[in-house]
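FYI, it's all coordinate maths here, none of it is from the lab. All values reported here derive from a predicted model rather than from experimental measurement. Backbone-built Cβ (ideal geometry, glycine too); neighbour counts: all protein chains shown.
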Amino acid sequence: MIIGEIRRYLRDNNPIRVSRSTRDLAYKALMIKDKFVKENQTEPTIEQIAHELDVPKEEIAFSLDAIQDPVSLQESVSNSDSDNLCIIDQISDKKNTDEQWTEGIAISEAMKKLSEKEMIIIQKRFFDCKTQMEVADEIGISQAQVSRLEKSAINHIKRAYK
């Protein structure tokens with residue numbers, strides 16, 4: 001009974017929770033892999049393991065990835081003390097940079113200071129990609145008024161953004 005409790009504790013208190021069926025499939029795949037290496041002195045492909053277990057290759061790949069221990073983004077990628085290159089340094093995200101986050105926040109705050117009509121016009125023109133004529137028809141004013149209000153709103157945003 002104590003051994004069973006210890007196993008349950010170890011199973012349930014991993015950093016990442018992986019279902020039992022996924023873990024079982026991964027362990028079966030590892031056993032097939034070991035058997036294949038002993039018989040053929042080469043590593044089997046995912047396709048060969050999947051064929052042996054009669055499971056789609058995507059499920060094999062997923063299950064093998066799922067049982068890997070998580071790695072910290074702060075972990076060093078090299079063993080040398082002189083090179084302090086971390087995993088996070090290797091990951092590039094051009095879309096979600098700090099500058100874009102701060103610009104988005106600044107623009108949101110600046111837009112809060114606009115009048116309701118200016119906010120609607122900016123929203124429709126730049127976020128919904130509508131023309132000045134389409135905006136004018138939707139809110140019931142002339143295209144010239146939309147143009148003036150848009151220009152005024154942009155100037156307000158520029159002043160608030162500085």
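Residues whose amide H lies under 5 Å from that of Cys86, counting only those 5 or more places away or on a different chain, are Val77; hydrogens are built 1.01 Å from N in the peptide plane. On a 18 Å Cα-Cα criterion, which of the cross-link pairs Lys94/Lys130; Lys95/Lys158; Lys113/Lys158; Lys95/Lys151; Lys124/Lys151; Lys95/Lys130 come out too long? With Cα atoms farther than 18 Å apart: Lys94/Lys130; Lys95/Lys158; Lys95/Lys151; Lys95/Lys130.
In sequence order, the stretch 98-110 has phi-based couplings of 4, 4, 5, 4, 5, 5, x, 5, 4, 5, 4, 5, 5 Hz under the Karplus curve 6.51 cos²θ - 1.76 cosθ + 1.60, θ = phi - 60°, and Gly or Pro positions carry x.
Placing +1 on the Cβ of each Lys and Arg and -1 on the Cβ of each Asp and Glu in the chain, which of Ile91, Leu149, Ile107 has its Cα farthest towards the positive end of the resulting dipole? Farthest towards the positive pole: Leu149.
Per-residue ellipticity at 222 nm computed for the chain from its helices equals -19500 deg cm²/dmol, with DSSP H segments shorter than 4 residues left out and the rest contributing -39,500 (n - 2.57). Separation of the stretch 1-65 from the stretch 88-162 is 51 Å, based on Cα centroids. Once both axes come from the Cα atoms, what is the angle between helix 20-40 and the longest principal axis of the chain, in degrees from 0 to 90, rounded to 10? It is inclined by approximately 50 degrees.
Placing +1 on the Cβ of every Lys and Arg and -1 on the Cβ of every Asp and Glu, with no other charges, gives the stretch 98-161 a dipole of roughly 320 debye about its Cα centre. The Rg/Rh ratio for the stretch 98-161 is 1.01, where Rg is the radius of gyration of the alpha carbons and Rh is the Kirkwood radius. Using the Karplus relation 6.51 cos²θ - 1.76 cosθ + 1.60 with θ = phi - 60°, the per-residue 3J(HN,Hα) values for the stretch 51-67 come to 5, 5, 8, 6, 9, x, 4, 5, 5, 5, 4, 4, 5, 5, 5, 5, 8 Hz, with x marking Gly and Pro.
Using all pairs of distinct alpha-carbon atoms, the Kirkwood hydrodynamic radius of the stretch 85-132 works out to 13.1 angstrom.
For the chain, the dipole from Cβ point charges (+1 on Lys and Arg, -1 on Asp and Glu) about the Cα centre works out to 800 debye, to the nearest 20.
Exposure proxy shown here: for Glu150, Glu109, the number of other Cβ atoms within 10 Å sets the order, fewest to most, as Glu109, Glu150.
Could you tell me what a quarter of the Cα convex hull surface of the chain works out to, in nm² with one decimal place? Provide the component values of the computation, followed by the final result.
On the way: hull surface 80.4 nm².
Taking a quarter of the hull surface, the average projection is 20.1 nm².
Summed over all non-identical Cα pairs, the Kirkwood treatment of the stretch 53-120 gives a radius of 17.0 Å.
Assuming charge only on the beta carbon of Lys and Arg (+1) and of Asp and Glu (-1), the dipole of the stretch 46-110 about its Cα centre is about 120 debye to the nearest 20. The tail of the calculated P(r) for the stretch 2-70 beyond 15 Å holds 57 percent of all Cα-Cα pairs.
Remark on Lys130: its backbone amide H falls under 5 Å from those of Arg125, a criterion applied only to residues 5 or more positions apart or on other chains, H modelled at 1.01 Å from N.
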